[in-house]
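Engineer: Just passing along the structure, written as structure tokens.
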Amino acid sequence: MVTFTPRVLSGMQPTGNLHLGNYLGAMVNWVKMQDTHETLYCVVDMHAITQPTSVWGGPTALRKSTLEVAAAYMAAGIDPKKSILFNQSRVPEHAELAWIFNCIARLGWLNRMTQFKEKAGKDRENASVGLYAYPVLMAADILIYRATQVPVGEDQKQHLELCRDIAIKFNNDFGVDFFPITEPVIMGPATRVMSLRDGTKKMSKSDPSDLSRINLTDSADDIAKKIRKAKTDADGLPSEKAGLAGRPEAENLVGIYAALADRTTEVVLTEFGGGQFSAFKNALAELAVAKISPINTKMNQLLAEVGYVEQVLTEGSTRASAIAAPIMKDVKKIVGFV
Ligand code: TYM
């Protein structure tokens with residue numbers, strides 16, 4: 001049995017604004033892991049173009065969003081000296097390995113992917129082939145570095161199971177122990193942040209209501225307003241976690257507070273349980289502003305010197321390529337390419 005060097009990889013799509021779900025579900029853990037692991041974080045620009053141009057906005061918007069997301073990573077605490085920060089399209093081995101994985105993954109596996117069904121909607125015939133093969137490219141993003149851990153939000157779990165299936169089948173088909181069986185890292189009290197308008201729907205960039213999400217670029221006033229207007233039920237806050245069952249909006253707000261404060265849900269309920277929602281919302285608004293506004297300020301500072309952000313991506317891509325190229329060379333040998 002080969003032991004794989006622990007290595008962490010994760011990424012986000014540069015389509016529109018990053019929001020609190022991206023931050024609490026993934027980025028907070030990315031920042032923690034860079035102190036204990038070798039970490040690679042990419043802006044997955046090749047994933048962005050799987051959707052119609054109207055969604056990602058075309059070339060000018062993609063360039064801008066890629067730099068904004070890179071700046072958001074850094075503003076949230078990703079240190080380009082500790083982590084390799086790059087954009088996916090700059091390392092061609094992602095696409096090269098994805099083709100080989102297209103020949104490993106089975107149609108039946110992809111047919112089960114719920115995100116494809118959600119994103120393609122009713123007009124499946126009109127979805128791009130790229131959208132369908134998207135999880136295969138994601139597996140290549142991870143395995144081109146033989147990454148062992150992937151910190152993500154709960155919604156990526158199924159894609160990571162597919163990544164494991166691809167690694168297992170590749171290893172079996174070629175009689176090798178080459179790719180690791182990557183572990184998802186889905187941790188913390190906010191692995192699935194829900195919409196502020198509907199506690200049964202995921203907080204998402206594509207929700208038409210801006211009140212449903214807190215964007216990392218929102219002003220302090222907007223953050224406070226959105227929390228004040230967040231949907232709640234008529235009851236106060238329970239003192240124990242069991243009291244949140246069947247109350248998705250309450251559970252969501254408590255989870256957000258816990259994640260922002262880096263405490264457990266239980267500890268938060270000990271402090272606020274028995275009280276009114278209005279008081280809790282005030283405390284949550286204050287905390288959210290204290291955590292998100294500095295990210296926004298830092299992001300704007302970084303984007304004011306966009307040359308620096310570009311330089312970070314260039315250097316990161318060179319460092320990522322240095323890991324990916326020899327792995328791709330081995331893969332080609334294993335497959336039998338001359
Ligand atoms: P994306 O761009 O949709 O989301 C980026 C990260 O944010 C997390 N996330 C959430 N977490 C909690 N609550 C939410 N409401 C919420 N919304 C989003 C996502 O789980 C994700 O961790 N396919 C990926 C990008 C990707 C990738 C990869 C990730 C491409 N290649 C390789 C890891 C490894 C995606 O579309 O994420």
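The values are calculated or read from the model by the stated rules, or taken from the named source; none is laboratory data. As the structure is a prediction and not an experimental result, all values here were calculated from the model. Because the Cβ atoms are built from the backbone with ideal geometry, glycine has one as well, and the counts that use them run over all protein chains shown. When the accessible area is computed, the model is the full protein with side chains, heavy atoms only, and any ligands, DNA or RNA have been set aside. Shrake-Rupley method; radii C 1.70, N 1.55, O 1.52, S 1.80 Å.
Engineer: All but one of (1) assigned to a helix (DSSP H, G or I); (2) over 28 Å from Ala190 (Cα atoms); (3) among the polar types (S, T, N, Q) hold for Ser65, so report the exception by its number.
Structural biologist: Going through (1) assigned to a helix (DSSP H, G or I); (2) over 28 Å from Ala190 (Cα atoms); (3) among the polar types (S, T, N, Q) one by one, Ser65 breaks only (2).
Engineer: For residues that are among the polar types (S, T, N, Q) and closer than 17 Å to Arg7 by Cα, tally how many sit in segment 28-76.
Structural biologist: 4
Engineer: To continue, here is another question. Of everything in segment 185-210, what is surrounded by fewer than 16 Cβ atoms within 10 Å (Cβ to Cβ), without any contact (Cβ under 8 Å) to a residue 60 or more places away in the chain and touching a helix residue (DSSP H, G or I) at 6+ places or on another chain (Cβ under 7 Å)? Give them in sequence order.
Structural biologist: Once the filter is applied, which keeps residues that are surrounded by fewer than 16 Cβ atoms within 10 Å (Cβ to Cβ), without any contact (Cβ under 8 Å) to a residue 60 or more places away in the chain and touching a helix residue (DSSP H, G or I) at 6+ places or on another chain (Cβ under 7 Å), segment 185-210 yields only Thr200.
Engineer: Give Glu68, Glu96, Glu125, Glu118 a once-over and let me know the one that is of a type outside the set (Phe, Trp, Tyr), touching a residue at least 60 places away in the same chain (Cβ under 8 Å) and either surrounded by fewer than 19 Cβ atoms within 10 Å (Cβ to Cβ) or outside the structural domain of His47 (by TED's automatic domain parsing) (or both).
Structural biologist: Within the list Glu68, Glu96, Glu125, Glu118, the selection yields Glu96.
Engineer: Give me the pairs, please: first residue somewhere in segment 146-161 and in contact (Cβ under 8 Å) with a residue 40 or more places away in the chain and among the β-branched types (Val, Ile, Thr), second residue anywhere and more than 7 Å from the ligand (Cβ to nearest atom) and assigned to a helix (DSSP H, G or I), beta-carbon distance under 8 Å, and either six or more positions apart or on two chains.
Structural biologist: Val150/Leu160; Val150/Cys163; Val152/Leu160
Engineer: Just to be sure I understand, how many residues within segment 129-161 are more than 10 Å from the ligand (Cβ to nearest atom), under 18 Å from Leu110 (Cα atoms) and either open to solvent by 40 Å² or more (accessible area, probe 1.4 Å) or among the aliphatic types (A, V, I, L, M) (or both)?
Structural biologist: Residues that pass the stated criteria total 7.
Engineer: I'm trying to understand the selection: among the residues of segment 2-19, which are out of contact with any helix residue (DSSP H, G or I) (no Cβ under 7 Å at 6 or more places or on another chain) and either open to solvent by less than 30 Å² (accessible area, probe 1.4 Å) or within 9 Å of the ligand (Cβ to nearest atom) (or both)?
Structural biologist: Across segment 2-19, the qualifying residue is only His19.
Engineer: Let me ask you something else. Which one is farthest from the ligand (Cβ to nearest atom), of the residues in segment 27-43 that are touching a residue at least 24 places away in the same chain (Cβ under 8 Å) and open to solvent by 10 Å² or more (accessible area, probe 1.4 Å)?
Structural biologist: In this case the residue turns out to be Asp35.
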